[in-house]
Amino acid sequence: MRTSDASDTWPAVDVLYVGTLPPHPGGSAISAVQILGALARHGSRVRAVGPHTLDTAAAAEALAAEYPEIEFHRYPVPYYELIPDRAHGGDYRAAEKAGIRSLLPRLIAAGRPDVIFLGRETYTWHLPEPDITGDIPCLVRAAGGGVNGLVAGLSPDGFADRLRRTHMQVVPGRHMISVLQEAGCANVRFIENVVDLERFRPGPKPGALLADLDIDPGHLVVSHVSNLKAVKRPADFVEAAATVREAIDDVTFLMVGDGALRTELEELARRLGVIDHFRFTGWVDYAKVPDLLLASDIVVMCSRREGLARVYLETMACERLLVSSDIPPAREVVEHGRTGLLYPLGDVAALAQCIVSAAGHPQVRARMSAAAREAVRDHSLDVAGAAYARALRELADCVGPGRSS
């Protein structure tokens, strides 16, 4: 069990979590298990219900061994849902609903929790439901995908109503507050997204990893980390790479992650004549992400929309330069020219110029990266975890048997 230096004065709460959990490859799963682990280590009882696929059962067991302080319960699904901003097929929703309904009544009967904690907006399709949860208050962590769906008009009918039925909605980015308020949510709270500052910390480039990836240790390494879907705009990164390559000879571009656009991106890199300068890793275990960031000099995020990307925080915690599209969540954590660089969304030429300029001024890059590490300290597990403990305790005390929301 990991330890924490934080004071053990967090309010204790009995939490029943329902949502994504690793090895689900989305950021909501990683954030959730870190928050739940912090709550449990500070005196809360935590039971967690989440999906797994048949081929990831072993990874689910490994997570339980890593976090013995959490009581895990799993149900099978045919695949992991990676695009939470729109409706999914009936077969997936039916499997998810059946799994949750097979577990929750038994768990609640074994010990009524103070609060049900939904780890992502999509789980509001199943909870809260009076026949399962009764009067147990429900908090949903609106991680970003579902909120983005509301903004883009992609959410299925009834989704906003489902969000409104929860008693508290927590968002990891301040820009998301107004979206949920406009959707009619009455109790929206902001709590910072989390980064594990022990796991993501400054260090030298890992030579063995560079060798495994066939990257010259003398090269500038520019990386993109995402699930390679359209909202992340990874093609902007490939197009900018072609311009950067004209200005810098000793550069390698690292594409970390996998997704629907992988084949198109490889073909684009081939068509632009830079495929030999790219390394596509595919999906990687989360445990490998710190080394991949440390292997980088610059990390580029081109997203059209985000909740508040974990990669922002993890890059900054590793003291690597973050270059991001200038969108509201990036502006919440990046002060342009001091803790990172921002460029106009979709402006590939400006992105390329940011990379070339940063490459040519390593001392400036180092100074911004060091300031970035300091800037993300308020996103530590201790700070964010304590805020969740207080919000959960407040909800339990205000809503429940004999109380009203």
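Any read-out appearing in this document is the output of simple, stated calculations on the displayed coordinates, not a laboratory observation. Computed from a predicted model, the values in this text were never measured in an experiment. A quick note on method: Cβ atoms are made from the backbone with ideal geometry, for glycine too, and the neighbour counts reach across all protein chains shown.
For q = 0.11, 0.13, 0.14 Å⁻¹, what log10 I(q)/I(0) does the chain give under the Debye formula with an equal point scatterer on each alpha carbon and no solvent?
-0.80, -1.10, -1.26
Under 27 Å from the Cα of LYS229, which lysines turn up, not counting those fewer than eight places away in the same chain?
Within reach: LYS97, LYS288.
With both bridge residues required to lie in region 207-377, what share of the DSSP beta bridges run antiparallel, to the nearest 5%? If you can, show how the numbers build up before the last one.
Details: 1 of 21 bridges.
Looking only at bridges with both residues in region 207-377, the antiparallel portion is about 5 percent.
Pulled fully out, how much extra length does the chain show between ASP55 and TYR79, if you take 0.36 nm times their separation in residues and subtract their Cα-Cα distance?
Result for the pair: 7.7 nm of gain on full extension.
Which helices pass in the chain if a helix is a full DSSP H run, must span at least 15 angstrom along its long axis by Cα, and must have mean Kyte-Doolittle hydropathy not below -0.5?
Those that pass (Cα extent of 15 Å or more, hydropathy at least -0.5) are 27-41, 90-110, 234-247, 348-359, 381-398.
So which GluC sites (Glu not before Pro) in region 114-213 pass both tests, a DSSP loop state and at most 15 other Cβ atoms within 10 Å of the Cβ? Before the final figure, lay out each step's value.
On the way: sites: GLU121, GLU182, GLU192, GLU198; in loops: GLU192, GLU198.
The qualifying sites are GLU198.
If you rank MET255, MET176 by fewest surrounding Cβ atoms within 10 Å, what's the result?
Ordered by Cβ neighbours within 10 Å, fewest first: MET255, MET176.
Roughly how many debye, to the nearest 20, is the charge dipole of the chain about its Cα centre, given +1 on each Lys and Arg Cβ, -1 on each Asp and Glu Cβ, and no other charges?
780 debye
Students often forget the sequence filter, so: which aspartates and glutamates lie under 18 Å Cα-Cα from LYS205 once same-chain residues fewer than 8 apart are removed?
ASP214, ASP216, ASP250, ASP291, ASP297, GLU314, GLU319
With 10 angstrom as the radius, rank CYS302, CYS318 by how many other C-beta atoms surround their C-beta, starting from the fewest.
Going from sparsest to densest Cβ surroundings: CYS302, CYS318.
Taking the simple approach of a point 7 Å from Cα along Cα-to-Cβ for both GLU374 and VAL284, what is their distance in nm?
Spacing of the two 7 Å Cα→Cβ label points: 2.9 nm.
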